[in-house]
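Please treat every number below as a calculation from the coordinates, not as lab data. All values derive from a computational prediction rather than experimental measurement. Cβ: placed from backbone, ideal geometry, glycine included. Neighbour counts: every protein chain shown.
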């Protein structure tokens, strides 16, 4: 027992309709083939609507980047302030470096965070749209 559900060719794109036309068995499904040809002819008369895509302007892109960098600056500032108060800092992966037990690792992560904080602040406040 096979269920013969007729396809809704109105939901297909024009390229999909041409693909079905190439692969359909015309003798086994003459009604479907006729519907397919009718739908292709209808689509040729009515052009297929193109999907609208949202393109951000240069100013919008820079605004989004500056917003993200501002959030990064807040996170890094908090991380560095916490390191100053507690004497420990957490690196990527959850590793904790303490000034008392691992000063080299602690200072490395602090300098790393500090450089990125400096870059984020510079990017947010001192870069212009002309730079990008």
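Here is how the numbers come out for the structure above:
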| read-out | value |
| --- | --- |
| Relative contact order for the chain, counting Cα pairs under 8 Å that sit 6 or more residues apart, in percent | 20 percent |
| Reciprocal of mean inverse Cα separation for the chain (Kirkwood radius, Å) | 20.9 Å |
| Which of 57, 127, 79 has the fewest Cβ neighbours within 10 Å, and the rest in rising order | 57, 127, 79 |
| Where labels lie 7 Å past Cα in the beta-carbon direction, separation of residue 60 and residue 126 in nm | 3.0 nm |
| Sum of -39500 (n - 2.57) over DSSP H runs of 4+, divided by residues of the chain (222 nm, nearest 500) | -20500 deg cm²/dmol |
| Rg/Rg_globular for segment 58-131, with Rg_globular taken as 2.2 N^0.38 Å and Rg from C-alpha atoms | 1.30 |
| Principal-axis tilt of helix 103-126 within the chain, Cα atoms, nearest 10 degrees | 60 degrees |
| Crossing angle, helix 58-86 versus the chain [Cα axis fit, 0-90 degrees, rounded to tens] | 40 degrees |
